[in-house]
1. Ranked by Cβ crowding within 10 angstrom, fewest neighbours first, how are A:488, A:53 ordered?
2. So the label point goes 7 Å from the Cα of residue B:547 along Cα→C-beta, right? Which residues of the range B:25-57 then have their backbone N under 15 Å from it?
3. Just the projected area, averaged over all directions, of the convex hull on the alpha carbon atoms of the protein assembly as shown: how many nm²?
4. Determine the distance separating the Cα centre of the range A:536-596 from the Cα centre of the range B:541-615; give it in Å without decimals.
5. What is the range A:558-688 by shape, rounded, prolate or oblate, if you read a ≥ b ≥ c off the alpha carbon gyration tensor as root eigenvalues and call it rounded for a/c under 1.5, prolate for a/b larger than b/c, and oblate otherwise?
6. Return the distance in nm (one decimal) between the two label points of a simple spin-label model at residue B:264 and residue A:421, each offset 7 Å from Cα along Cα→Cβ.
7. With the label 7 angstrom out along Cα to Cβ, how close does residue A:185 come to the same site in each of the other copies, in nm, nearest first?
8. What's the FRET efficiency of residue B:483 with residue A:158 using the Cβ-Cβ distance as r and R₀ = 60 Å, to the nearest 0.05?
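Derivation of every value follows stated rules applied to the coordinates shown; laboratory data play no part. Since we're looking at a predicted model, the values are computed, not measured. Note that we place each Cβ from the backbone using ideal geometry, even for glycine, and neighbour counts take in every protein chain shown.
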């Protein structure tokens, strides 16, 4: 399951990053430089000082779409199993699946590269708001939008040159603050331990976002540098006893994205267009994958990871749609917006901002006009294929690299190129039968939603069906070979122009209309929206002051709460589960099948071992793999999911019902000790 | 495509039948006893008198889920190709598909039985409102609901005994009027002519509900009685020239169901729960069927008809959801409701009705509590299988037939039994691989939506996966054999109790919880809703008078309008298409592949032949196959679809954009003459 991993954003959804009104209860995803330590001290008597913050920050790790932490002096990284399934799939084949079988490196030399994984540690944050504002002052919306991007690119470039670190811009408070975050990046990350999916994701999709739960959703990686394990000065220590009921706990991690203060117009666009369209597409694709996976064991294996991710996304979006269809939520959003607008109207110092809510409404209406076309041609819905994405990267990368850094598409700035190249060069398996399935699906839906007479559809399918076209492309392309990809990358525009690879030709042919839609989207939707959001952010600062936290942006945040269950339809849900119940609940069939490794040692297991636990920490997708910490900064849990109510956390924090779900450290200990017989790892994790 | 065939209603949706405020423009699905002839005379100068009405009514035919008309003295029935795909599928096999190949009976003896088709002609309507009211007067909601059903059953039974006709109760104006409709029923209906799907549904799902269009969506059946073609005294005559632009036209047919005056609470329930859940389920099933159909030609053939129907349903529901998410529509609905409530509040004579809108809101809230459970266990979403439906029919039929007629479930009253038996005995093909697919799908989604710990889910899947359970059931059952089914039917309760057929056992096991949910639904949702709807209907009559038409109920209606296109995004859409464009648009690949029979005679075809046409008639699913008539009552078209805007016709009539789509008679003539070489048929259709 992806569970709380960051899921790819809705193609047509605006990038969000607005302010939250005022934090109620234990709500809040706080940046490390604005943690409400005084409030915590007052409410819980716990002292979170700057030494504490520095130490935990240095051990907090960001992976692709997930969070993690250093838990040994030799660079051992603790995260979720579902955060490393990509690595497991890369190291699997049609014949053998590390997802099915798990993986234990008995020795350092058995540790296997995760070829597309990187691990980032936040080492510095610089406020560059004034620099960006100075560059864009007095410009109109489109020019400001362009200039902002160019300025940010230049700042990142200068930072990387000066520091040798990975520098990324972060728009907090919706552009109300512009930061440059500096990361120490590790590009050699290796697989150390993964349990079988059967226990890591026990209960599978049916149990996903549910509680009680019984999942060993853990995995261990190790960061290397120059071929040697990285030395970590102050790793986090695991407290295997876990937290007491009601104990104060914190989560340090990278919440991916929240939409808590989108305007009503933006929420309605998600509810009416983006979410239903995404859900219809994805539900059909789910059906196609499931039926495909029934052809045989090899077919099941090669789509397992993708299907897990898709099903997770469907559950998330479905509950997001439910939240937006809930009149209670929308009424609250309307009331909040009306209140802010009324206060803005009364404040003479804000007279100049005009009506940014109306500006956003106009922008979302324009997005509606061509949003579906954008989603299919540029947003990825029409060309669902790894090989096509590679082709597009090669075609665009060649053209973009010929431009000055500041004028390129953001994904091809100098700061991005090493990662692009790493991914192009990684020998991850490509399965042609899966590529044909997804490409044909994309073409078929593109024809349905844009119509058979749309120029691009007509061009593609004039003499082909979606199936025959997909087969020609996938069977004819050589892009599954990393050497071919790198040759085209290094060959630049000349190599691209000379290529007769059918996938490259397709990417070339659809590039102009797709870029035109992107340009239109940036000019007509993104630019006015960014300008309006900045105005609203400024007004909000003015009216509500600074006791606020920014929407999630997949950057490091810290939040606090306590270990607790909740009340479901009048009945209390206890915050802990025990191992014995998992065995009682097993059916012998996936996804309720306990792996043989566990059944073998069943008699030796302590069935009262605490397995999973809930707390009221405010988390969201991207927080997967975050350490759950006690007041001393010890790891007392491993965040891997939220309950079903946590999904509405995209839009608000429901203090009564929103709960995060963690793996209990006692369960990790029981697994490594009794099932996987890994004393060296346990020792490295500090267990005596 | 099912297009405008009646699609199975949402399992959890309340049965609707409320009044429409006042008919605007050419809106209105009028019963034959309340046709606004004076208004038509005044507006169009056309005289639709009782002789006209009687003649057209006698030639109007109702099929299963569709409409049709008698077009020859020898019982020839004209309807849509997509209305007879069930018959084509029944007469196909894995090896040969009448859907692919079409069918022409060159001779009466070649005419092939459609084993589950019946044809009904409306011969009388009796107002029994007073009788039903007398029976239920003074009873509380639940008792009234029960008594109403019992009274209706008794009235139907007496009517059938007295007249020898098929008698069916019809609740018009939401129970404001209760009618008994009498039909002459033909049970021996045979296939005469069907073109290939390639031309009948040219453009397939991508073009469905679109216009311009190029479809020969026609089929011919013949009604037999005592082994001989039925003699029809006054069949409709086809005018092969078709209608002029702007010409006054009428549609006589059976619109299936509209929800034009559901209360706001009911519309919100559709928008928030019923439609999204149905769409998610069906989109996934669509994906499963599509992937299944790619295994080979046989697989494609055996799911083609089902897949067409499903895709049609998805398009309809999707646009219904869009309509309900359109703030303009909901604002209008809220305003209409507020106005009626205000006028009711001011009318002292209506003081006694209380607040039926609040009653409905409470009932829909209760439906929400257990609606999903109801949908899965009783509504069919959990047990998606023809064989299971047969098993349930056998299990319940045995139990119900032991009760007095008035106390049975409505689908097992004496009036229904002949049709039930006809369907059980029909040797229609059952494909085990498709059954396994749909059953496994139903079990998997049931587990997802009800949770693995739901009692019934737990009972079914304690030791099985959805796949293994589906395989055991489908491979073990003998119910694919009509003889086995009839033996169990005739054996009654003793045979059912003694059966060890796994599908019968399953139906027995889940019968108690499913019936309990049905009872709860009837008592807690249906009864109070029916009572409240009746009150609203009464109030509406009182306030707005009688110039209203009832919501569609799949009973005979007549509506009028004119031949016209519309304006789409500022550009006019012409109301006619020509044959030549279909050939230009063909890609050579389904669903844009012109059949070989047409390509062969391409040079001989008149490419200026009018193919399809639009008019502003107010139609909906169930109207498929309706004759489009001119003022003289001649057939000038064959309704087969609506444009995309027609789908919101479920909730309101959009006079500006809602258009019906017909096959032009000139296209039928060109096909029968030049392509299918069927002079005898053409002659029988009156062409000289």
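1. Neighbour counts put them in this order, fewest first: A:53, A:488.
2. Of the residues in the range B:25-57, B:25-28, B:35-44 have backbone N under 15 Å from the label point off residue B:547.
3. Its average projected convex-hull area is 52.7 nm².
4. What the calculation gives is 53 Å, centre to centre.
5. Working: a/c = 2.20, a/b = 1.40, b/c = 1.57.
It comes out oblate by the Cα gyration axes.
6. Going by the 7 Å Cα→Cβ label model, 6.2 nm.
7. So the distances to the same position in the other copies read 7.4 nm.
8. Working: r = 84 Å, r/R0 = 1.40.
Efficiency computed from Cβ-Cβ geometry: 0.10.
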